[in-house]
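A.B. asks: One structure is given below, represented as structure tokens, and several questions about it will come after.
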Amino acid sequence: MTAEAPTPESTSEITSDDKLWGALSYFPLIAIIMLLIEDKKNRPFIKFNAVQAIALGVVLFVINLVLGLIPVIACVTPLIWLVVLWPAFIAFGGKYPELPFISNFIRKQGWV
């Protein structure tokens, strides 16, 4: 199954509720909860952001783990988690955030 990039027509149906939940999904626990709530996971914008947020969280966790092994860098690795503010801000604006590698990966896997 190939997923297509969102079109301007699909973004016209994004509600303010979708924007809020899309932005909140970049906090890992909320993203998991949203995928368990039936009416939230059926909304394409919310599902895209929740799945992308979980994938981003896994990538950031691995990066944090690897860089945490270096003593000098270990004290600043928690700052890596500030990266999630960028896609959350874009999602709150009602646009689909495109993250390098991650967005294409989740589409190719058929997760969204």
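The values are calculated or read from the model by the stated rules, or taken from the named source; none is laboratory data. Since the structure is predicted, the reported quantities are computational estimates derived from the model, not experimental observations. All Cβ positions, even for glycine, are placed from backbone atoms using ideal geometry, and neighbour counts span all protein chains on display.
A.B. asks: Of the residues in segment 1-39, how many are modelled with pLDDT under 90 and in contact with a helix residue (DSSP H, G or I) (Cβ under 6 Å, 6 or more places away or on another chain)?
C.D. replies: So the count comes out to 2.
A.B. asks: Looking for something buried (at least 16 other Cβ atoms within 10 Å of the Cβ), without any contact (Cβ under 8 Å) to a residue 60 or more places away in the chain and among the hydrophobic types (A, V, I, L, M, F, W, C) - is there at least one such residue anywhere in segment 60-68?
C.D. replies: yes
A.B. asks: The conditions are (1) under 19 Å from GLU13 (Cα atoms); (2) loosely packed, with under 13 Cβ neighbours inside 10 Å; (3) not aliphatic (A, V, I, L, M), and TYR96 fails exactly one of them. Which is it?
C.D. replies: (2)
A.B. asks: Just the residues that are in a helix (DSSP H, G or I) and either over 10 Å from ASN49 (Cα atoms) or hydrophobic (A, V, I, L, M, F, W, C) (or both), please, taken from segment 83-102.
C.D. replies: VAL83, VAL84, LEU85, TRP86, ALA88, PHE89, ILE90, ALA91, PHE92, ILE102
A.B. asks: Only one of these is over 26 Å from GLY93 (Cβ atoms) and not acidic (Asp, Glu): VAL51, VAL62. Name it.
C.D. replies: VAL62
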